[in-house]
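One structure is given here, and the rest of the page talks about it.
Read the figures in this text as sums done on the coordinates, not as results from a lab. Keep in mind that this is a model prediction, so the values were computed, not measured.
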Amino acid sequence: GVRIFGRDKPGFADYMVWPFFPRVQAFATIFPELKPPTAEEFPHLHKWIEAMKKDKAVMTTLNEQYLLQHTKSVLDNNVDYDVGL
């Protein structure tokens, strides 16, 4: 399996770092010139991201479409705090 911060399952460090990664993807979607690191450049990072996406706690809280909508609303200076409700 994928080693997650030295363990076989996510722990505190994983959950504290994780929230930044979906946001990077949201910004890269809005601003295509911002290229996140590729799997070829950082293969272990991408394996970690994929492993985290399969984690039950992440799966129940991550909705990439809602995050993208919220990020766009922030950038438009019209923050929609209720996206997905």
Report the far tail of the P(r) of the chain, meaning the percent of Cα-Cα pairs longer than 20 Å. 41
Average Cα contact separation per residue, the chain, under 8 Å, 6 or more apart, as relative contact order %: 25
Chain lengthening between GLU50 and ASN77 when straightened (0.36 nm per residue, less Cα-Cα): 6.6 nm
